[in-house]
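The values are calculated or read from the model by the stated rules, or taken from the named source; none is laboratory data. As the structure is a prediction and not an experimental result, all values here were calculated from the model. Quick reminder, even Gly has a Cβ in these numbers, built from the backbone with ideal geometry, and neighbours come from all protein chains shown. Areas reflect the complete protein model, heavy atoms only, side chains present, ligands, DNA and RNA absent. Shrake-Rupley method; radii C 1.70, N 1.55, O 1.52, S 1.80 Å.
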Amino acid sequence: LILGMHRSGTSALTGVLEKLGVALGEELLPPTRDNPKGYFENARVVAAQETLFDAFHRAWHDPRPLPDDWAESAAADEARETLVPLVRDMFANAAVAAVKDPRSSRVVPLWLDVAVHVEARPSALLMVRHPNEVAGSLHKRDGLSRSRAHLLWMTYLLEAERASRELPRAFVSYEALLADWRIELDRMRKQL
């Protein structure tokens, strides 16, 4: 699981992993002006998670918590039904697969259920970028206020950290990844 706030460098990390042979699935979102090298997000994953968030009247930029029972809801069941075969297909020709959509940071329990169904051993890479840089990027791209962007950064990171404590995991610095991705990947490999 590639976890982290939007605009925190999760695309850069996932792009490196894809070049090293990690499976991401077939239907990746196309590049845009905001991410000219691509998002490295599976369109079906994004659609399933957007549908899940919509069921609770939430959007990616809403810092309010999901309902306490969200993981047992019909909407979560529907997301699992979509995601299990997708992830199973990702592993059909690969030993390692990754899921990257920042929304995953808020629904890690869903992904742990999916992993059980496909008999995968989940691990997490938590991408960390300075909140001021994330806020500046979100303000430029989406017009979000800095205070809302900081609150979102904290929400995504804390929910991902709490939900991934029992997993093999590594925290990844955006700055360190850009400075020398080989050193950073070697460090992550040792932690995982």
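Worth a mention:
- Per residue solvent-accessible surface (Å²) - the chain, probe of 1.4 Å: 52 Å²
- Antiparallel bridge percentage (DSSP; both residues within the chain; nearest 5): 10 percent
- Cα-only Debye scattering, the stretch 88-160: base-10 log of I(q)/I(0) at q = 0.22, 0.26 Å⁻¹: -0.95, -1.17
- Debye-formula intensities of the chain, expressed as log10 I(q)/I(0) at q = 0.10, 0.13 Å⁻¹, are -0.37, -0.65 (one equal scatterer per alpha-carbon, no solvent).
- The accessible surface of the chain, taken with every protein chain in place and a 1.4 Å probe, is 53 percent carbon and sulfur.
- Each Cα pair of the stretch 1-90 feeds into the Kirkwood radius, which the Stokes-Einstein equation turns, at 20 °C and 1.002 mPa s, into a diffusion coefficient of 149 µm²/s.
- Here is the list for the stretch 95-192: GluC sites (Glu not before Pro) lying in DSSP coil, each with at most 16 other C-beta atoms within 10 angstrom of its C-beta, are Glu119, Glu166.
- Under Karplus coefficients 6.51, -1.76 and 1.60, residue-wise ³J(HN,Hα) of the stretch 100-114 in Hz, glycine/proline x: 10, 7, x, 4, 4, 4, 9, 10, 3, x, 4, 5, 5, 5, 4
- Largest-first ordering by accessible area, 1.4 Å probe, given options Arg33, Arg58: Arg33, Arg58
- Here the dipole of the chain is about 800 debye; that uses its Cα centre as origin and unit charges on the Cβ of Lys and Arg (positive) and Asp and Glu (negative).
- Loop-located GluC sites (Glu not before Pro) in the stretch 1-105 (DSSP state other than H, G, I, E, B) with a sparse environment of at most 14 neighbouring Cβ atoms within 10 Å: Glu26, Glu27.
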